[in-house]
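Visitor: Quick one: structure below, then a few questions.
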Amino acid sequence: MKSPHWRRLVWFCVCVTLSGPAWSDDGVTIPSYAPATGAERGYSVQKATESDMSFWFDKPGAAVTARGVFRQRMTVLSRDESGMRARWSLNAELPEGTAGPTDSYQMNLLYRNSLAVYGTSTLELETDLNGFPTNLFGVDGILAHMQEMAANGPGGTAPAENRVNGIIGKIEQNPLLIVTALVPEAQLLATGQFYQDQVMQIGQPAAASRIEDYSGVNVPVASTWTLESTDAASHTATLSLSEEFDPAVLSQSQQPATAKMMAAFPERVKNLTADQLASIKRAGKTRSAKFVVSLDDGSAVEATEIVSVTTGGFTLRTYTHILRDDMPARLPLPPVVTAKVLQTPDLHVEPLPSAKAGPGILDELSTPPSSPESQETAVATEKDGAEAIAPVSLEVKSAEVARSPISYDRGLTIVLTPESTAKFRDFTQAALGRQTQLLINDQVVMEPWMREPIMDGHIVLAGTDGKDLEAMAEQLRVPGASIVVRLRP
């Protein structure tokens, strides 16, 4: 359920444009966004996610938390009457002085790998007058790098068109997905910045609405802005935003994802009460945010955001705090982003090299999952439960080597027999959130993370030398040939 903010309309037009001082008899003027060009600004960014699949899993690890701390930099390169050009410099390294062990900040580890996958630590954007990204430069180079990375790694456990090529194909259709993955801070800050002056009364809510597209369904979003306070000393104003997505229409948009989730847990579904069944078919999304905005140039100098999504028995909450380096912190932070000790999942995130891809190279992009629609829910299980998931031997129905129509990489597609398809489905369902291994003739050929149950009995091995793929295919075409899948020791 990725929100297509890049399609948003300029909708906050509930106030009258007014020139003059920030304070007047008619209210407070929030000036239009007019940042200085050529000045680099640094931002401290704290993020956390809480995902909960305890509805489906009656075991420890069904609810997991991940967090990250980042330092990003932004420069407005130019500005005219239609928009701006901005450069973001991206950094995955944990800032000095961050409390707690480095490996407890999984979002930094994942983000480091994302920068390796996209092959860039800098993004240059065209934006509208709010600062919201509208175009991205250098997309062809990024896509070429992603295709090269995919070609050099063994890929995931689902058909290539559903994994690597699916991700690349979505980016080809909408390059701004790269911005969403690598610098969502640009989108959040722009939400609190306006293309023209806005006059607001302290404590007086201003209602607005817009439409967001989810899987082809137009979901109405009701928004309420409130000017909470002003600070004469710092010449800033604090604004709050609350949003609620129409639950009936949102539930309609999520029906395919909910059906997929239910299909993954057939035995659990059989035992659901009528109320429980109705609850998993309901979807909900809310968003609350606060912004500290400069009354000099309309820049959002601090922002917090909490987004809560519930659908298909899965709940996800994301927390974000952004603070410009030259400003003091004013907004309260949720405890999850400041806790010195935090129980986090053991994701075993290995660093990716700059040119070669490791197993499942495109399975882990940017941050932990943004929605159950993608089904990328990294459910952590305790190590003492590993023995309960036994290796399984799977009989092969067919094995063919062919080229992908998008990346032109050669891949080995393995199709399992119906009986083994069921065994593989049960294994992948039990191993959600764990790293696994696939063996051919006792040799490990890939080590994918299990992000979703594999229902169709198809496994794709890509990124290996063509001769090796053909040799493996010949081995698997022998009557009675089998493969083994197991948890990574």
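Visitor: Would you pick out the residues in the stretch 190-214 that are exposed (fewer than 14 other Cβ atoms within 10 Å of the Cβ) and of a type in the set (S, T, N, Q)?
Guide: If the condition is that a residue be exposed (fewer than 14 other Cβ atoms within 10 Å of the Cβ) and of a type in the set (S, T, N, Q), then GLN201, GLN204, SER209 are the ones that fit.
Visitor: I'd like the residue in the stretch 310-326 that is at pLDDT 95 or above and among the hydrophobic types (A, V, I, L, M, F, W, C) and, out of all such residues, is nearest to PRO247 (Cα to Cα).
Guide: So, considering only residues that are at pLDDT 95 or above and among the hydrophobic types (A, V, I, L, M, F, W, C), the one nearest to PRO247 (Cα to Cα) is ILE322.
Visitor: Show me the strands (runs of 3 or more DSSP E) found entirely inside the stretch 80-151 where at least 3 residues are more than 19 Å from the chain's Cα centre (by Cα) and under 20 Å from GLU185 (Cβ atoms).
Guide: Output list reads 84-89, 122-127.
Visitor: Evaluate the following for SER32: is it closer than 22 Å to ASP325 by Cα, out of contact with any strand residue (DSSP E or B) (no Cβ under 7 Å at 6 or more places or on another chain) and in a loop (DSSP other than H, G, I, E, B)?
Guide: Yes, satisfied.
Visitor: Can you confirm whether GLU172 is surrounded by fewer than 18 Cβ atoms within 10 Å (Cβ to Cβ) and at pLDDT below 85?
Guide: no
Visitor: Using the structure shown, decide if THR238 is closer than 30 Å to ASN135 by Cα and part of a helix (DSSP H, G or I).
Guide: no
Visitor: For the stretch 279-303: of the residues being in a loop (DSSP other than H, G, I, E, B) and out of contact with any His (no Cβ under 9 Å at 6 or more places or on another chain), which is surrounded by the most Cβ atoms within 10 Å (Cβ to Cβ)?
Guide: Looking at the filtered set, the residue picked out is ALA283.
Visitor: Tell me, which residue of the stretch 243-262 that is of a type in the set (D, E, K, R) and closer than 26 Å to SER223 by Cβ is most open to solvent (accessible area, probe 1.4 Å)?
Guide: GLU244
Visitor: If I ask for residues that are in contact with a helix residue (DSSP H, G or I) (Cβ under 9 Å, 6 or more places away or on another chain) and either of a type outside the set (A, V, I, L, M) or in a helix (DSSP H, G or I) (or both), which ones from the stretch 468-487 would you list?
Guide: Within the stretch 468-487, SER482, ARG486 qualify.
Visitor: Next question. Of all the residues that make up the stretch 263-278, how many are open to solvent by less than 40 Å² (accessible area, probe 1.4 Å) and modelled with pLDDT of 85 or more?
Guide: Of the residues in that region, 2 qualify.
Visitor: Another question about this same structure. Just one of the numbered conditions (1) open to solvent by 10 Å² or more (accessible area, probe 1.4 Å); (2) within 22 Å of ALA329 (Cα to Cα) is not true of ARG85; which one?
Guide: With respect to (1) open to solvent by 10 Å² or more (accessible area, probe 1.4 Å); (2) within 22 Å of ALA329 (Cα to Cα), ARG85 is out only on (2).
Visitor: Sticking with this one: Scan the stretch 253-267 and give yes if some residue there is touching a helix residue (DSSP H, G or I) at 6+ places or on another chain (Cβ under 8 Å) and in a loop (DSSP other than H, G, I, E, B), otherwise no.
Guide: Yes, that holds for at least one residue.
Visitor: Which ones in the stretch 301-319 are in contact (Cβ under 8 Å) with a residue 40 or more places away in the chain and either within 22 Å of ALA222 (Cα to Cα) or over 23 Å from the mean Cα position of the chain (by Cα) (or both)?
Guide: VAL301, ALA303, GLU305, VAL309, THR311, THR315, LEU316, ARG317, THR318, TYR319, listed by residue number.
Visitor: Tell me, which residue of the stretch 175-189 that is touching a residue at least 60 places away in the same chain (Cβ under 8 Å) and assigned to a loop (DSSP other than H, G, I, E, B) is surrounded by the most Cβ atoms within 10 Å (Cβ to Cβ)?
Guide: VAL183
Visitor: Let me ask another. Give the residue that is surrounded by the fewest Cβ atoms within 10 Å (Cβ to Cβ), with candidates limited to residues of the stretch 304-343 that are farther than 21 Å from THR238 by Cβ, aliphatic (A, V, I, L, M) and out of contact with any helix residue (DSSP H, G or I) (no Cβ under 7 Å at 6 or more places or on another chain).
Guide: Per the stated criteria, the residue is VAL341.
Visitor: Here's something else I'd like to know. Can you find, within the stretch 88-104, the residue that is most open to solvent (accessible area, probe 1.4 Å) among those that are in contact (Cβ under 8 Å) with a residue 60 or more places away in the chain and of a type outside the set (A, V, I, L, M)?
Guide: It comes out as GLY100.
The values are calculated or read from the model by the stated rules, or taken from the named source; none is laboratory data. Source: prediction; values computed, not measured. Methodologically, a virtual Cβ is constructed for each residue, glycine included, from the backbone with ideal geometry; neighbour enumeration extends over all protein chains shown. Each accessible area value is taken on the protein alone, full model and side chains, heavy atoms only, with ligands, DNA and RNA left out. Shrake-Rupley method; radii C 1.70, N 1.55, O 1.52, S 1.80 Å.
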